[in-house]
Amino acid sequence: MNRLIATESRISHLYCSACGKKYAHYTLTDFAHCCNKPLLVEYDLEAKIDRTLLEGRENNMWRYREVLPVLDSDNMVSLGEGMTPMLRADRVSDANGFKDLYVKDEGLNPTGSFKARGLSMAISKAKELGVTECVIPTAGNAGGALSAYCARAGMKATVIMPIITPKIFKEECMFYGAEVMLVDGLIDKCGSLAKEIEEERGAFNISTLKEPYRIEGKKTMGYEIAEQFNWKLPDVILYPTGGGTGIIGIWKAFKEMTRLGWIVDEKMPRMIVVQTESCSPVVNEILGITTDESKFQKSIANGLAVPKAFGIDLIREVVSESGGTALTVSEEEIREGTLEFGRMEGISVCTEGGALWMALKKLVERGEVSKEEKIVLMNTGTGLKYLENLELGLR
Ligand SMILES: *Cc1c(COP(=O)(O)O)cnc(C)c1O
């Protein structure tokens with residue numbers, strides 16, 4: 001890119017999250033290969049940006065464009081993602097004694113999950129850098145989002161999924177015209193095939209955190225949490241963790257907002273990692289439990305069946321810096337939590353979101369979270385795609 005454009009983005013460079021080495025942001029570098037750790041995006045935030053600038057802007061994630069990486073607004077590939085509702089969970093709270101419990105309902109995003117934020121950003125940036133073909137390994141929702149945004153950008157999409165993924169996720173990708181490939185294994189195996197396709201066809205690989213821009217989309221959840229609470233932060237945030245982009249992104253947003261002066265003298269929320277007993281590499285790592293990766297299995301919460309998190313160091317940092325913790329719930333608890341929450345609140349909870357409700361009850365029992373605290377559950381997707389997993393009867 002040698003054309004000069006007037007840009008609102010304050011992007012300055014990329015840097016390796018392990019060694020700090022800097023990389024240019026206007027070229028497609030071999031993103032994954034510095035220290036084999038994620039690259040992150042840095043912005044020039046020294047010149048202050050007044051948050052009143054946001055007034056009157058579009059009600060989606062692009063309202064934060066100064067702290068997003070896309071230079072030319074013509075490259076934004078958008079379906080209206082972001083600014084999802086922050087819902088009070090009053091009936092669940094009354095029945096269980098909570099005083100200030102919220103659900104951020106990410107199921108209302110395009111393609112029914114918060115993956116839309118990350119893929120909208122990644123595809124926009126890929127378009128800006130001249131990409132015409134993308135490949136992604138996915139447990140389901142990322143594939144649907146990639147397919148939709150590639151369709152919108154006029155790019156070719158290849159999606160690689162575990163063969164056991166519920167049919168709706170596969171057909172969603174086909175609906176948007178993507179090529180779907182199925183693999184006998186979990187998402188880590190899909191990742192190996194994605195690498196092959198990247199090498200064979202020159203397709204741009206959008207694997208979680210091996211590409212630096214998805215996280216920039218997901219971090220907008222953090223900006224919205226602050227803005228929706230009038231620039232105050234909650235005490236506790238529970239996050240259903242697979243690859244961890246969301247939890248790393250939310251934390252990145254909180255730190256950027258502190259530098260920007262958008263949040264002042266706020267105590268940072270405790271960030272809680274929730275996983276399933278069936279597949280808990282991040283929880284094990286944080287709690288110091290030895291892991292046998294080969295024992296990890298599929299889950300009714302597809303997004304949590306990630307046997308190896310590329311960004312594990314960053315997730316560990318978030319949990320420890322924030323004074324948070326990590327815990328698992330069982331498959332049966334996930335099912336129960338999802339159904340209970342849906343029945344009580346009328347919110348279309350995905351199984352990943354349902355896991356959080358059960359995790360919260362456990363944390364209260366253990367005395368690690370108080371019912372008086374301001375708590376946010378991140379419902380990362382719509383429950384509609386998971387009805388097959390829940391097997392409610394009526395055949
Ligand atoms: C992908 C996914 C997750 C896990 O997200 P990460 O940010 O990769 O940890 C959780 N819930 C749903 C519904 C997902 O699609």
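The values are calculated or read from the model by the stated rules, or taken from the named source; none is laboratory data. Since we're looking at a predicted model, the values are computed, not measured. Note: ideal-geometry Cβ built from the backbone for every residue, glycine included; neighbour counts use all protein chains shown. Just the protein is used for accessible areas: all its heavy atoms, side chains included, with ligands, DNA and RNA removed. Shrake-Rupley method; radii C 1.70, N 1.55, O 1.52, S 1.80 Å.
Per-structure values
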{"quantity": "Count of segment 106-130 residues which are of a type in the set (Asp, Glu) and surrounded by 23 or more Cβ atoms within 10 Å (Cβ to Cβ)", "calculated": "1"}
{"quantity": "Enumeration of residues in segment 89-129 that are within 13 Å of the ligand (Cβ to nearest atom) and not in a helix (DSSP H, G or I)", "calculated": "LYS104, ASP105, ASN109, SER113, PHE114"}
{"quantity": "Failed item in (1) in contact with a helix residue (DSSP H, G or I) (Cβ under 9 Å, 6 or more places away or on another chain); (2) without any contact (Cβ under 8 Å) to a residue 24 or more places away in the chain, with ASN75 passing the rest", "calculated": "(2)"}
{"quantity": "Given (1) at pLDDT 95 or above; (2) of a type in the set (D, E, K, R); (3) within 16 Å of the ligand (Cβ to nearest atom), index of the condition LYS232 fails", "calculated": "(3)"}
{"quantity": "Tally of residues being in a loop (DSSP other than H, G, I, E, B), more than 14 Å from the ligand (Cβ to nearest atom) and open to solvent by 30 Å² or more (accessible area, probe 1.4 Å) across segment 322-355", "calculated": "2"}
{"quantity": "Residues of segment 286-313 satisfying the condition of being closer than 19 Å to LEU209 by Cα, within 14 Å of the ligand (Cβ to nearest atom) and of a type outside the set (A, V, I, L, M)", "calculated": "ASN302, GLY303, PRO307, LYS308, PHE310, GLY311"}
{"quantity": "Sole residue being at pLDDT below 95, within 15 Å of the ligand (Cβ to nearest atom) and of a type outside the set (A, V, I, L, M), chosen from LYS219, LYS210", "calculated": "LYS210"}
{"quantity": "Within segment 61-83, tally of residues that are β-branched (Val, Ile, Thr) and in contact with a Phe, Trp or Tyr (Cβ under 8 Å, 6 or more places away or on another chain)", "calculated": "2"}
{"quantity": "Selection status of ILE237, of a type in the set (A, V, I, L, M, F, W, C), in contact with a Gly (Cβ under 7 Å, 6 or more places away or on another chain) and buried (at least 24 other Cβ atoms within 10 Å of the Cβ)", "calculated": "no"}
{"quantity": "Options THR132, THR138; residue that is within 14 Å of the ligand (Cβ to nearest atom) and more than 17 Å from GLY82 (Cα to Cα)", "calculated": "THR138"}
